[in-house]
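Report on the following structure.
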Amino acid sequence: MSAALAMAQGVENRTWPNPPVGAVVVKDGAIVGRGAHLGPGQLHAEPVALADAGDKARGGTLYVTLEPCNHTGRTGPCTEAVLASGVARVVIGIRDPNPTVSGGGARFLRERGLDVEIGILPESCLELIWPFVATDNFTRVFVELKTATSLDGRFAPGPELRQDGQPFYLTGEASRCDVHRRRRRVDLVLVGEGTVAADQPLLNGRLAMGDHDVPQTDPLPGYVDTDLSWQGGFAREHYLVFAGESARHGKARLKVEQDGGEILFCAEKAGHVEPKSLLELAATRDLFTVMVEGGPRLAGSMLFAGLVDRWINYMAPVVLGRGVTWPNDFAGPNVPDRGFSLTRLDQLEKDLLFIHDRKNFSATLARVTI
């Protein structure tokens, strides 16, 4: 199953809106076929691996990270290909999370005499397709919020402690590498204009270049600037700018477009880009997964609107005492309750990584492994 996971993780491009899936065929203790799904309209992982194995598949075992489909979509049902291959056993990471089809593929194969086992490395297999699961097959854009804070909840020190034009890193190298790996799994990385002005971030996955278990294509970078007030450019040839409708006919538009920015005009609320409108426009561009990296006002607006699916927070073991923190209007009795469940807590060198999900990961894991 580890080899099947590696096949799915190592595809060059993200497969969204389809879930990434990997498969291998084993015969006499050796892998004789490998396959991965490469995206919409492409063959699923199972028939690719089985074709790679050829006649060696007969009597062997198919390992696949996600339950083989038993319905016809853009391609035929994978269960038919599995049967035709002559494999004797199928080992599945997790069931299909869609309740309308979950268990159908496994049941179909069992009824025809195959030995079927479910629940091998299930946590890794579910993590692989979590954006697909958390959004109910991308009925909306998946939003992952990334924050990095000190022990006292500061995002960065005050301007008096920063060097102009130099990015400030609160966390260590291991945390930054982890962020870059996560960037490569999403379609768009988004920050606020304040972050662009302060750090001139590249928003790419350069620290994960060459890692074989993440896609090797960078996400599209973008920032939010309601009135297009930032005129200092962006360190990428092409990027998205989410502006308010009020800026559509302003003179600032031309300079942003000349710099390489593609402007998407969103509805506004209380003088700021309305988060839901932003995500709806992102969806029209086939941007299925978005990482919001800050600053705190943008992060707070996404949280306040209830649009964050996963919140990853890196906590550095430092106390800043003063500096950038949540906006004043983020606290108080009018903030709605947006509950999350703790999915995982990891240590990355000196930093702690908290992963919280709006959809309960543990409960979902139990459902797709029974």
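One table, with the values for the structure above:
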read-out: Projected label distance in nm at GLN42 and ALA235, using a 7 Å step from Cα toward the beta-carbon; value: 3.1 nm
read-out: In Hz, Karplus ³J(HN,Hα) per residue of segment 242-254 (6.51, -1.76, 1.60; θ = phi - 60°; x = Gly, Pro); value: 9, 10, x, 4, 5, 9, 4, 9, x, 6, 5, 4, 4
read-out: Most mobile of GLN258, GLN216, GLN42 in a GNM of the chain (Cα contacts under 10 Å); value: GLN258
read-out: Percent antiparallel among DSSP beta bridges (both partners in segment 223-370, rounded to 5); value: 65 percent
read-out: Under-5 Å amide H pairs with ASP211, H placed in peptide plane, nonlocal only; value: none
read-out: Largest-first principal axis extents of the Cα set of segment 2-128 (Å); value: 33, 30, 27
read-out: Alpha carbon centroid spacing (whole Å) that separates segment 18-78 from segment 105-156; value: 19 Å
read-out: Rounded to 5, the percent of DSSP beta bridges in the chain classed as antiparallel; value: 40 percent
read-out: Two-site FRET efficiency, ASP227 against LEU202, from Cβ-Cβ distance with R₀ of 41 Å, rounded to 0.05; value: 0.95
read-out: Interchain or long-range residues, amide H under 5 Å from ARG140's placed H; value: none
read-out: Over 21 Å between alpha carbons, listed pairs LYS269/LYS359; LYS146/LYS255; LYS146/LYS350; LYS276/LYS359; value: LYS269/LYS359; LYS146/LYS255
read-out: Computed [θ] at 222 nm, deg cm²/dmol, the chain (DSSP H ≥ 4; -39,500 (n - 2.57); rounded to nearest 500); value: -7000 deg cm²/dmol
read-out: Reachable aspartates and glutamates from LYS251, criterion Cα separation under 13 angstrom, eight or more residues apart if same chain; value: ASP227
read-out: Karplus-derived 3J(HN,Hα), 6.51/-1.76/1.60, for each residue of segment 86-99, Hz, glycine and proline x; value: x, 5, 9, 9, 10, 10, 10, x, 9, 5, 4, x, 6, x
read-out: Fewest-first sequence of ASP136, ASP225, ASP218 by Cβ atoms within 10 Å of each Cβ; value: ASP136, ASP218, ASP225
read-out: For ILE118, distant residues with modelled amide H under 5 Å away; value: ILE92
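The numbers here are math on the coordinates, done by the rules we state, and not lab data. Fair warning: this is a prediction, and the values are worked out from it, not measured in the lab. Every residue, glycine among them, receives a Cβ derived from its backbone with ideal geometry; neighbour counts consider all protein chains shown.
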